[in-house]
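Asker: Below is one structure. I have some questions about it.
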Amino acid sequence: MTGLMKNRSRIAVVIPCYKVRQHIMDVIAGIGPEVHTIYIVDDCCPDNSGDFVLEHNSDNRVTILKHSINKGVGGAVITGYLAALKDNQDIIIKLDGDGQMDARLIPDFISPLLSGTADYTKGNRFFYLESLKGMPKIRLFGNAILSFMTKLSSGYWHLFDPTNGYTAIHRNALSHLPLEKISNRYFFETDMLFRLNTVQAIVLDIPMDAKYGDEVSNLKISQVALEFLQKNIVNMSKRIFYNYYLRDMSIASFELPFGILMLFVGIAFGISHWVHSLITNSFTSAGTVMLAGLPIIIGSQLILSFISYDIASTPNRRTRGKITFRQTSQENKVLKS
């Protein structure tokens, strides 16, 4: 903690507020002295969370930001991000206002950013097996499914718990993201990972305990499952096109299309001959079976080879090469021109 307090980096916390009046003051009180600024974003809260904080707050680090219309958790966080960038904050942490996130973990989240080990850190409630006992089974199952979909769409195969909103980001990475294009609603955290991959940002999971009290989550996995599936498919397609065809090409660029083609050719050929044998009441020869099975096997192997290559290409210091966010202002101007 002492080392972090001596660090000259400006650290900010963004707290989106919507129906968290019961917990918000305790959340603010739990934020340590390593944080310089706290942005409270009232997302058109029916409980007037912003006014409530303004009335009861005595912490001079707090800044109140208000939305005239509800923009969702993502929209509220983006408002905080923009304010932090304007105020030249170096690291921005996102905390929920319902008390589920332990502010004492902030040093764990910002240490990799201060050392340059990572550009973005996020919580992982699945790291400690014992802490999962308090997590509802339906949420446990839903998060496992969402995590797999996010691995495919974001390209961060080593990450888990994608809907975890406890995050920290370095301003140099944040300034490269198209914030106006990121989803404003519950898909925000997942969409952030997709956007971070397109700029080859290094992302790390930070172990944390799953904490559940009397707070009520507004995210119902059963209600967003289809939406998340559709958006993850779109992001996966964009990422593959961008990383393997637009920005660069490799052997994996050929493995995926040829693998898919051969897989479907084999399946179509096999089904057509199976239907024909049913109609004519005849047996299919071993050679015909092999002609159907061979492209399926080869296609499957090519697709698995592509996935293996994609896993190995997860952004890190080695894969990112010379790309770095630790640029001078003049270098950033050149990169953006």
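The values are calculated or read from the model by the stated rules, or taken from the named source; none is laboratory data. Every value quoted in this text rests on a predicted model; they were computed, and no experiment measured them. Neighbour counts are summed over all protein chains in view; Cβ atoms, including those assigned to glycine, are modelled from backbone coordinates with ideal geometry. Accessible surface is based on the protein model in full, side chains and every heavy atom, while ligands, DNA and RNA are left aside. Shrake-Rupley method; radii C 1.70, N 1.55, O 1.52, S 1.80 Å.
Asker: Looking at region 228-256 only, could you name the residues that are part of a helix (DSSP H, G or I) and more than 22 Å from GLN301 (Cα to Cα)? If you could, list the steps in order and put the result at the bottom.
Answerer: Start the filter on region 228-256 by keeping residues that are part of a helix (DSSP H, G or I), which leaves 228-246, 251-256.
Listed by number, the residues that qualify are PHE228, LEU229, GLN230, LYS231, ASN232, VAL234, ASN235, LYS238, TYR242, LEU246.
Asker: Pick out the one residue from PHE283, PHE258, PHE264, PHE254 that is of a type in the set (A, V, I, L, M, F, W, C) and touching a Leu at 6+ places or on another chain (Cβ under 7 Å).
Answerer: Result of the check over PHE283, PHE258, PHE264, PHE254: PHE258.
Asker: Residue check: is VAL41 aliphatic (A, V, I, L, M), under 25 Å from MET208 (Cα atoms) and either outside any loop (DSSP other than H, G, I, E, B) or under 20 Å from the mean Cα position of the chain (by Cα) (or both)?
Answerer: Against the criterion (aliphatic (A, V, I, L, M), under 25 Å from MET208 (Cα atoms) and either outside any loop (DSSP other than H, G, I, E, B) or under 20 Å from the mean Cα position of the chain (by Cα) (or both)), VAL41 qualifies.
Asker: Mind counting the residues in region 103-127 that are acidic (Asp, Glu) and buried (at least 24 other Cβ atoms within 10 Å of the Cβ)?
Answerer: Total meeting the criteria: 1.
Asker: Ok, one more. Within region 100-113, which residues are within 13 Å of LEU204 (Cβ to Cβ) and either more than 20 Å from the chain's Cα centre (by Cα) or without any contact (Cβ under 8 Å) to a residue 60 or more places away in the chain (or both)?
Answerer: Selection gives LEU113 alone.
Asker: Residues being open to solvent by 10 Å² or more (accessible area, probe 1.4 Å) and over 17 Å from MET192 (Cα atoms): count how many of those fall in region 83-102.
Answerer: Summing the residues that are open to solvent by 10 Å² or more (accessible area, probe 1.4 Å) and over 17 Å from MET192 (Cα atoms) in region 83-102 gives 10.
Asker: Within region 249-262, take every residue that is open to solvent by less than 40 Å² (accessible area, probe 1.4 Å) and not hydroxyl-bearing (Ser, Thr, Tyr) and give me the one that is nearest to MET290 (Cα to Cα).
Answerer: Among those that are open to solvent by less than 40 Å² (accessible area, probe 1.4 Å) and not hydroxyl-bearing (Ser, Thr, Tyr), it is GLY259.
Asker: Being open to solvent by less than 20 Å² (accessible area, probe 1.4 Å), part of a loop (DSSP other than H, G, I, E, B) and either touching a residue at least 60 places away in the same chain (Cβ under 8 Å) or in contact with a helix residue (DSSP H, G or I) (Cβ under 6 Å, 6 or more places away or on another chain) (or both) is true for just one of GLY80, GLY32. Which residue is that?
Answerer: Checking each option against the conditions leaves just GLY32.
Asker: Just the residues that are closer than 12 Å to GLY97 by Cβ and surrounded by fewer than 24 Cβ atoms within 10 Å (Cβ to Cβ), please, taken from region 5-19.
Answerer: TYR18, LYS19
Asker: Kindly check whether there is at least one residue in region 47-56 that is of a type in the set (A, V, I, L, M, F, W, C) and touching a Ser or Thr at 6+ places or on another chain (Cβ under 8 Å).
Answerer: Scanning region 47-56 turns up no residue that is of a type in the set (A, V, I, L, M, F, W, C) and touching a Ser or Thr at 6+ places or on another chain (Cβ under 8 Å).
Asker: Do we find that LEU246 is open to solvent by 60 Å² or more (accessible area, probe 1.4 Å), free of Cβ contacts under 8 Å to residues at least 24 places away in the same chain and within 23 Å of GLN200 (Cα to Cα) in this structure?
Answerer: Criteria met by LEU246.
Asker: Examine region 222-243 for a residue that is touching a Lys or Arg at 6+ places or on another chain (Cβ under 9 Å), under 29 Å from ARG104 (Cβ atoms), at pLDDT below 90 and surrounded by 13 or more Cβ atoms within 10 Å (Cβ to Cβ), and state whether such a residue exists.
Answerer: No: zero hits.
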